[in-house]
Amino acid sequence: MRRALAAAAAYFAIVFALAFLLGVARTLFVAPRVGELVAVLIEAPIVLLISWRAAGWSIRRFSVTARASDRATMGLAAFLLLMTVETTMSLVLFDRPLAQQFAAWATAAGAIGLLAQAAYGLIPLLAVRRR
């Protein structure tokens, strides 16, 4: 379990850093031109591809076993880290009340983002180790 948690932290750090940069680009440059929904539809597959690669790297780097329980632990821990950091940033940095965060997830763009985050949490369970 220790390896799965270390891998989750690395997986989270890699994906969060790159997704944060993509999110800034989406917000500042893409969304004003094409709208929030289209911008999220462009960003989500890129983040999921990054997630797939980062999960594979983290699994190999930390030698996470192929057992479903270890992979699920990794994915759940990474997902909980992501949701905690995202919610904290929303509250602290952007002064967005929690109710407004939940309301944002109820929009089409927010729901797609939330589904992508759920997929991010499942990726370690789905990733197959290459030999």
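Results for (1) over 24 Å from ARG2 (Cβ atoms); (2) modelled with pLDDT under 95, shown as yes or no for each residue.
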{"site": "SER90", "(1), (2)": "yes, yes"}
{"site": "ASP95", "(1), (2)": "yes, yes"}
{"site": "ALA108", "(1), (2)": "yes, no"}
{"site": "LEU126", "(1), (2)": "no, yes"}
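Just name the residue that is most open to solvent (accessible area, probe 1.4 Å) out of those in the stretch 18-34 that are of a type in the set (Gly, Ala, Ser) and without any contact (Cβ under 8 Å) to a residue 24 or more places away in the chain.
Going through the qualifying residues, I end up with ALA25.
For the stretch 41-87, which positions are touching a Phe, Trp or Tyr at 6+ places or on another chain (Cβ under 6 Å) and open to solvent by 40 Å² or more (accessible area, probe 1.4 Å)?
LEU81
Would you confirm whether or not the stretch 35-54 contains a residue that is outside any helix (DSSP H, G or I) and either touching a residue at least 40 places away in the same chain (Cβ under 8 Å) or more than 13 Å from TYR120 (Cα to Cα) (or both)?
yes
With the checklist (1) open to solvent by 80 Å² or more (accessible area, probe 1.4 Å); (2) free of Cβ contacts under 8 Å to residues at least 12 places away in the same chain in hand, flag the one item ARG3 doesn't pass.
(2)
Sort out which residues of the stretch 6-17 are of a type in the set (Val, Ile, Thr) and open to solvent by less than 40 Å² (accessible area, probe 1.4 Å), and write them in order of number.
Across the stretch 6-17, the qualifying residue is only VAL15.
So which residues in the stretch 88-131 are open to solvent by less than 60 Å² (accessible area, probe 1.4 Å), more than 19 Å from LEU37 (Cβ to Cβ), aliphatic (A, V, I, L, M) and touching a residue at least 40 places away in the same chain (Cβ under 8 Å), if there are any at all?
ILE123, ALA127
If the Cβ limit is 9 Å and pairs must be 6+ apart or interchain, which residue in the stretch 58-87 that is on the phi > 0 side of the Ramachandran plot pairs with which residue that is open to solvent by 40 Å² or more (accessible area, probe 1.4 Å)?
SER63/ARG3
The values are calculated or read from the model by the stated rules, or taken from the named source; none is laboratory data. All values reported here derive from a predicted model rather than from experimental measurement. Quick reminder, even Gly has a Cβ in these numbers, built from the backbone with ideal geometry, and neighbours come from all protein chains shown. These accessible areas exclude ligands, DNA and RNA; they are computed on the full protein's heavy atoms, side chains included. Shrake-Rupley method; radii C 1.70, N 1.55, O 1.52, S 1.80 Å.
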